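*Asks:* The structure is given below, and queries will be raised subsequently.
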Amino acid sequence: MQIIKDFALRWRQGTQGRRYAMAGSDPKCPSTMDALIRGTLGQCPRCSHGRLLHHYLKIVDHCSTCGEPYGHFRPDDAAPWLTILIVGHITMPIVLALEQSFELAMWVELAVYLPFIVLLTLALLPRCKGVILAVMWATKAEGSEKI
Ligand SMILES: [Zn+2]
């Protein structure tokens, strides 16, 4: 029982220390998980009041509320990669289940699957970019063009 208590104490101390070490030296900075949630919602990972993206996928230069700079982050292909990963894992089981259950004509399959996949991809892409930016911000993975 003492081992569990020691582990819980060390884990708690470790997560508290990591919480501020990962997100920044400011004790008011959010935890990494809070930053990820805010990034998913397209909000500033630091303050959650400003926007992270504008014009669908453009990264803002800095937060309009707290002034945190984001323009130097270069997520490159990480957001499309994450989007493809999620869309593939959502759509493929549905497609395979429908293929085994029904014998649909090819034009019906294309008429159903393509719009679903395109809309899901367009809906998830900004969310995934927000997640990637939040990860980069929380882990201080500075871009190559640092301001
Ligand atoms: Zn902000």
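The values are calculated or read from the model by the stated rules, or taken from the named source; none is laboratory data. Nothing here was measured: the structure is a model prediction, and the numbers come from that model. Here Cβ is always computed from backbone atoms with ideal geometry, including for glycine, and neighbour counts include all displayed protein chains.
*Asks:* What is the residue count in the range 63-90 for residues that are within 16 Å of the ligand (Cβ to nearest atom) and either assigned to a helix (DSSP H, G or I) or buried (at least 19 other Cβ atoms within 10 Å of the Cβ) (or both)?
*Replies:* Of the residues in the range 63-90, 3 are within 16 Å of the ligand (Cβ to nearest atom) and either assigned to a helix (DSSP H, G or I) or buried (at least 19 other Cβ atoms within 10 Å of the Cβ) (or both).
*Asks:* Does Gly39 satisfy being of a type outside the set (Phe, Trp, Tyr), within 13 Å of the ligand (Cβ to nearest atom) and within 19 Å of Thr121 (Cα to Cα)?
*Replies:* yes
*Asks:* Before we move on, is Leu85 over 23 Å from Tyr70 (Cβ atoms), at pLDDT 95 or above and among the aliphatic types (A, V, I, L, M)?
*Replies:* When the stated conditions are applied, Leu85 passes them.
*Asks:* Ok, one more. Mind listing just one residue for me: the one in the range 17-36 that is among the hydrophobic types (A, V, I, L, M, F, W, C), within 16 Å of the ligand (Cβ to nearest atom) and modelled with pLDDT of 80 or more and, of those, farthest from Leu125 (Cα to Cα)?
*Replies:* Ranking the candidates gives Ala35 first.
*Asks:* So Leu124 ticks every box in (1) touching a helix residue (DSSP H, G or I) at 6+ places or on another chain (Cβ under 7 Å); (2) exposed (fewer than 14 other Cβ atoms within 10 Å of the Cβ) but one. Which box is left unticked?
*Replies:* (2)
*Asks:* So Gly50 passes all but one of these: (1) without any contact (Cβ under 8 Å) to a residue 40 or more places away in the chain; (2) in contact with a Leu (Cβ under 8 Å, 6 or more places away or on another chain); (3) within 15 Å of the ligand (Cβ to nearest atom); (4) not β-branched (Val, Ile, Thr). Which condition number does it fail?
*Replies:* Only one criterion in (1) without any contact (Cβ under 8 Å) to a residue 40 or more places away in the chain; (2) in contact with a Leu (Cβ under 8 Å, 6 or more places away or on another chain); (3) within 15 Å of the ligand (Cβ to nearest atom); (4) not β-branched (Val, Ile, Thr) is unmet by Gly50, namely (2).
*Asks:* Another one. Scan the range 101-114 and tell me whether some residue there is aromatic (Phe, Trp, Tyr), on the phi < 0 side of the Ramachandran plot, in contact with a helix residue (DSSP H, G or I) (Cβ under 6 Å, 6 or more places away or on another chain) and not in a helix (DSSP H, G or I).
*Replies:* Checking the range 101-114: not a single residue is aromatic (Phe, Trp, Tyr), on the phi < 0 side of the Ramachandran plot, in contact with a helix residue (DSSP H, G or I) (Cβ under 6 Å, 6 or more places away or on another chain) and not in a helix (DSSP H, G or I).
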